[in-house]
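Each reported figure results from applying straightforward, stated rules to the coordinates on display, with no laboratory input. What you are looking at is a predicted structure, and each value in this text was computed from that prediction instead of being measured. With ideal geometry, Cβ positions are generated from the backbone for all residues, glycine too; neighbour counts draw on all protein chains shown.
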């Protein structure tokens with residue numbers, strides 16, 4: 001199957017609290033892009049649910065956003081670290097911390113580019 005995404009995704013683990021109206025569930029990001037993210041969690045909501053999400057960076061910065069579930073895969077909690085279970089989220093709007101989120105994506109993109117340049121130079 002061909003890749004549908006146009007935005008580059010970057011692996012990043014951040015704690016995420018989420019829910020339809022209140023932040024009642026907890027998970028972790030697996031990857032981020034400028035337009036969406038993957039939340040690794042045994043608790044999934046069905047597409048096209050609208051969720052409130054709160055991400056916490058390692059520097060304790062808060063990113064609050066609203067997103068739409070575009071796909072979900074439920075797996076048992078015992079298998080969450082062995083298989084990809086969770087939800088693909090399309091970002092609809094930022095409530096707080098948009099500049100922090102975009103900076104994270106930019107920094108990860110720069111690191112990825114640097115790795116590729118080093119690999120090419122060593123080849």
Handout entry: Cα-derived Rg over Rh, computed across the range 10-122 with Rh taken as Kirkwood radius
Key = 1.01
Practice task
Please find the FRET efficiency linking residue 102 to residue 82, where r is the Cβ-Cβ separation and R0 is fixed at 35 Å, and quote it to the nearest 0.05.
Solution key: 0.65
Problem - Largest to smallest principal axis extent of the C-alpha atoms in the range 67-113, angstrom - result: 35, 27, 15
Fill in the blank from the handout: For 103, 9, ascending order of other Cβ atoms within 10 Å (fewest first) is 103, 9
Exercise for the section: Rank these for me by crowding, 75, 35, going from fewest to most other beta carbons within 10 Å. Expected result: 35, 75
Practice task
Could you let me know the centre-to-centre spacing of the range 23-50 and the range 83-112, using Cα atoms, in angstrom?
Solution key: 11 Å
